[in-house]
Amino acid sequence: MERWPAESLPLDWMQTVWATGLLGVHEVDPSLGVDLYLQEWLDDELPRFTAEPPKDFNSSDSMSPAMIAAALETLAPTGRYTPILDAADRYLSVARYAENGAIQHWGDGSVFEDLDQVWVDSMFMVGVTALNRHDQTGDDVFLESALTQHDAFVALLVDPDDGLYRHAYDVPTGENIPAEAVYWARGNSWALLMAVETYARLPQGHPGAEALGAAFVAHAEAVLNTQAEDGLWPTVLTATPEDGNYTETSAAALIVTALMRGVDLGLLDPTQTNPAIDRALDGLLGRVEQDAEGAWVVEGTSFGTNPGDYDYYLSVAQLDDIILGVGAVALAFAEADGRPRAETP
């Protein structure tokens, strides 16, 4: 938090992942002042949402900070961040949707407004916002919306042969991007985490619970089959590292968080999954190093990634100390806090 002062951060998806990790840390130790830091972040931008006319969102990425606004309102229901939540509601009311109801990633006025595409990224950005809104309000409309979006994304993006998610679906052509069986790791981590978070909130006996649980387990098993020797996951899940396919930190952190939650919910067999979780956590520990000044640095996070072909995914640079990577790792370590190991190191 000292490295990235709250007032210096824009409202965008990378900062939302960072904030999500901090919320996980807050659950472990509320005394750290994480909630105050996140309030300061949103407060710095709040006047733009109370202006006339108010700021509007125009993409899944841009509206993602609303998930943090909802989480903060759940922690302390003050109504302070209602303008941000109202902006998210306005966007969802005018956003583009595919024929089956899956929300498109870009909206009018966004940088890629000419693209009519469903991106797996939106499962997390929009889906978790809906889940946090459910937590905040108790309104099942938000929970049902998340479940509906999950099912719509599965229908458009999951490859029936491999059980993994393609990055995108192009609405005008009805084709996936990439067309070949290439599966971006961070995209699959978005989907895996959103699915297990949705399942965790479904009431006992919910008619959608069995299908959602089965979809999560099938996806988790497919992802587990691609775990690399270092315990992490390659940026293209089903490819080998010989041609430069590197293991990527943020995807691994989000995947292992979802796996831990899947075990805790009784969806995944702990005898099969916990050893893989241990390897992943060890691999993440290997990505955290101290610099010359003694500051901790998270290594090996890929930068923002658009849908592309295999060579494109490999060309996305791995960088150190990217805010989204730090947030993802913080979330995984917070989830692992106090968790016993399944095997002797």
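The numbers here are math on the coordinates, done by the rules we state, and not lab data. Values in this document were obtained by computation on a predicted structure and should not be read as measured data. No Cβ is skipped: glycine too gets one built from the backbone with ideal geometry, and neighbour counts run over all protein chains shown.
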Relative contact order (percent, whole number), the stretch 1-78, Cα cutoff 8 Å, 6+ residue spacing: 41 percent
Rounded Å value of the spacing that divides the Cα centres of the stretch 265-282 and the stretch 96-123: 34 Å
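Calculate, in nm to one decimal, what Ala211 and Asp89 gain on full extension: separation in residues at 0.36 nm each, minus their alpha carbon distance.
41.2 nm
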Residues with amide H under 5 Å from that of Glu248, placed H, sequence gap 5 or more: Trp233, Thr235
Full-stretch length increase - Lys55, Thr238 - with 0.36 nm per residue and alpha-carbon distance subtracted: 61.8 nm
Relative contact order (%) - the stretch 190-325, alpha-carbon pairs under 8 angstrom, separation at least six: 22 percent
Relative contact order for the stretch 6-336, counting Cα pairs under 8 Å that sit 6 or more residues apart, in percent: 17 percent
Unit charges at the beta carbon, dipole of the chain: most positive-side option, Phe216, Leu284, Ala181: Phe216
From phi via Karplus (6.51, -1.76, 1.60), per-residue ³J(HN,Hα) for the stretch 22-31 in Hz, x at Gly/Pro: 5, 5, x, 5, 4, 5, 6, 9, x, 6
Trp4 paired with Asp162, simple spin-label distance in nm, labels 7 Å along Cα-to-beta-carbon: 2.9 nm
The chain: calculated mean residue ellipticity at 222 nm from DSSP helix runs of at least 4, using -39500 (n - 2.57): -17000 deg cm²/dmol
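Expressed in nm to one decimal, what extension gain is obtained for the pair Phe112 and Ala317 from 0.36 nm per residue of sequence separation less their Cα-Cα distance? Before the final figure, lay out each step's value.
Working: separation 205, 0.36 × 205 = 73.80 nm, distance 2.14 nm.
Taking Phe112 through Ala317 to full extension adds about 71.7 nm, to one decimal.
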Unit charges on C-beta of K, R, D, E only; dipole of the chain, Debye: 620 debye
